[in-house]
Amino acid sequence: MSDRPLIVAGLTLFVGLVSTPIWHGALNREAAMAALHIKLPAREKQCVAPASYMRTSHMQLLEHWRNEAVRDGQRQFVAFNGKTYDKDPTRTCLTECHTDRKEFCERCHNYAGVSDPNCWNCHNDSHVASEGNS
Amino acid sequence: MKITRKDFLRLSGLGLLALAGRKAVRALSGWSFAQTSASAAKPIRWGMAFDLGKCRHKDGCNRCIQACHSTHNVPQFADRAHEIKWIWKEPFQNVFPAAQTDYTRDFYGSLPVLLACNHCDDPPCQDVCPVDATWRRDDGVVTIDFHRCIGCRYCMAACPYGSRSFNWQDPRPAIATVNPDFPTRTKGVVEKCNFCEERLAKGQGPACAESCEEKAIVFGDLEQPDSELRQLLRSRFAVQRKPELGTGPSVYYIV
Ligand code: SF4
Ligand code: SF4
């Protein structure tokens, strides 16, 4: 019975240590976001969907694009604002806007602790990279 | 109200009958709808013919092969074990071993014949793919979803024509100039001729047919009786590769 305070203290310490990543992230959220330094496109102000949606769901959107273009032959995407885009990650996403995938896709993926997107193993980015933004 | 056993049975029988009737009506109306919509949208079946006589006019011409390779970022490996093939040439005697005699072999045996995927009507490659990464589209093009291919190479074993190649290593270093508008592939996926489906989507014909100055490659809709391809197949004798297998190749050879 007299061990109770010890046990509680030990448990608290354990839970605190195990959850370090969570509360550390929560406390330093602002600083970490600022340090992310995501470069926004210079030419275009509006993405194919609202930025908040893209931030959380770009992977679903890209997967839809992929399946519709490859499987159903639907290669045009009509955006929420009525504009039409090609479902083409190289031309639409990279060439037009996010010309440096290392500074955009990969920086944010690293920040979020997700592995780098493997789109660019096949979809080409060499032409934008060589057009010089480094 | 009291229901006797007999009434109960009678009522449930009537209910079941009504249900079955409704199902039958639905099925029938569905069937007639499918019939009309199928006849409304005329089916397409893309096909191709290689005119071997015309192809022989220019010795050593490889324009079609080059056009295809630069359009589709096909890598060139020095090591034949890693070779990636979309459209290529083989000697006649290897392509049509049964279509020669001791006396024709002298002349025909070593003549080059163009090969590519036959875009079979009933493609065995599709049947064996465990992840649905390859399939025959409604327009007859047999295509591959490179995203989905797991590289098991079942399709390579199933294809009786050797039309498919496997990426044993990253193809990018072996591509001289990359065409940014067509994806390269990656290590571990299978690839082959896609009948230029990305060009068909833009209303263009295949790159090989367009590049041939001799007009030895004719592309068209096999379902359309007055297409250039069908007219050619009416006027000249043409064969398919291994038709006895029942795969229904869409590629014809005018010999
Ligand atoms: S030629 Fe081979 S790869 Fe092409 S559709 Fe027929 S079986 Fe499939
Ligand atoms: S190698 Fe790819 S396309 Fe071929 S059967 Fe396997 S998963 Fe399907």
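The values are calculated or read from the model by the stated rules, or taken from the named source; none is laboratory data. Predicted model only: the values in this text are computed from it and were never measured. Quick reminder, even Gly has a Cβ in these numbers, built from the backbone with ideal geometry, and neighbours come from all protein chains shown. Accessible surface is based on the protein model in full, side chains and every heavy atom, while ligands, DNA and RNA are left aside. Shrake-Rupley method; radii C 1.70, N 1.55, O 1.52, S 1.80 Å.
Which residues make up the longest stretch of chain B that has no GluC sites (Glu not before Pro) in a DSSP loop with at most 16 other Cβ atoms within 10 Å?
Formally, the longest exposed-site-free interval is B:84-212.
Given contacts defined as C-alpha pairs under 8 Å and at least six residues apart, what's the relative contact order of chain A, whole-number percent?
21
How about region B:173-255: which trypsin sites (Lys or Arg not before Pro) there lie in a loop by DSSP and see at most 13 other Cβ atoms within 10 Å? Can you show the working numbers first?
Numbers: sites: B:ARG185, B:LYS187, B:LYS192, B:ARG199, B:LYS202, B:LYS215, B:ARG230, B:ARG234, B:ARG236, B:ARG241; in loops: B:ARG185, B:LYS187, B:LYS192, B:LYS202, B:LYS215, B:ARG236, B:ARG241.
Here the sparse-neighbourhood loop sites are B:LYS187, B:LYS202, B:LYS215, B:ARG236.
Tell me, rounded to the nearest percent, the portion of alpha carbon pairs in the protein assembly as shown spaced more than 27 Å apart.
64
In the structure displayed, which of B:LYS215/B:LYS242; A:LYS83/B:LYS187; A:LYS87/B:LYS192 lie more than 31 Å apart, Cα to Cα? Mind showing how you got there, number by number?
Values: B:LYS215/B:LYS242 25 Å; A:LYS83/B:LYS187 36 Å; A:LYS87/B:LYS192 23 Å.
Exceeds cut-off: A:LYS83/B:LYS187.
Give the calculated FRET efficiency between B:LYS202 and A:SER2 to the nearest 0.05, with a Förster radius of 56 Å applied to their Cβ-Cβ distance.
With a Förster radius of 56 Å, E is 0.10.
Report the relative contact order of region B:105-165, percent, no decimals, based on alpha-carbon pairs under 8 angstrom and at least 6 residues apart.
Across region B:105-165, relative contact order equals 32 percent.
Karplus couplings for region B:121-131 from phi (6.51 cos²θ - 1.76 cosθ + 1.60, θ = phi - 60°), rounded to Hz, Gly and Pro as x?
With coefficients 6.51, -1.76 and 1.60, one gets 5, 10, x, x, 4, 5, 4, 8, 5, x, 10 Hz.
Hey, got a sec? Which chymotrypsin sites (Phe, Trp or Tyr not before Pro) in region B:160-255 land in a DSSP loop and have at most 11 other Cβ atoms within 10 Å?
Listed in order of number, the matching sites are B:PHE237.
Starting at the first residue of region A:53-60, write each ³J(HN,Hα) from the Karplus equation 6.51 cos²θ - 1.76 cosθ + 1.60 with θ = phi - 60°, in whole Hz, x for Gly and Pro.
Going residue by residue, I get 5, 4, 4, 9, 10, 4, 5, 5 Hz, with x marking Gly and Pro.
For B:PHE8 and B:LYS23 in one chain, what is 0.36 nm times their gap in residues minus the Cα-Cα distance, to one decimal in nm?
Gain in length upon complete extension: 3.1 nm.
Using the Karplus curve 6.51 cos²θ - 1.76 cosθ + 1.60 with θ = phi - 60°, what ³J(HN,Hα) values do you get for each residue of region A:31-45, in whole Hz, with x for Gly and Pro?
With coefficients 6.51, -1.76 and 1.60, one gets 4, 5, 4, 5, 6, 5, 6, 6, 7, 8, x, 7, 6, 10, 9 Hz.
Report, for chain B, the % of DSSP beta bridges that are antiparallel, rounded to 5.
Around 80 percent antiparallel, to the nearest 5.
Taking square-rooted eigenvalues a ≥ b ≥ c of the alpha carbon gyration tensor, is region B:156-212 rounded, prolate or oblate, where a/c under 1.5 means rounded and, failing that, a/b exceeding b/c means prolate?
oblate
What number in nm² do you get for chain A if you take the convex hull of its Cα atoms and divide its surface by four?
Average of the hull's projected areas for chain A equals 12.4 nm².
What figure in square angstrom, to the nearest 10, would you give for the accessible area of B:MET156 with a 1.4 Å probe?
60
Let me make sure I get this right: for region B:43-254, a, b and c are the square roots of the gyration tensor eigenvalues over alpha carbons, sorted descending. Under 1.5 in a/c it's rounded, otherwise prolate if a/b > b/c, else oblate. Which is it?
Because its axes are fairly even, with a/c under 1.5, region B:43-254 counts as rounded.
Please compute the contact order of chain B in relative form: average sequence separation of alpha-carbon pairs under 8 Å and at least six residues apart, divided by the residue count, as a percent.
Over chain B, the number comes to 27 percent.
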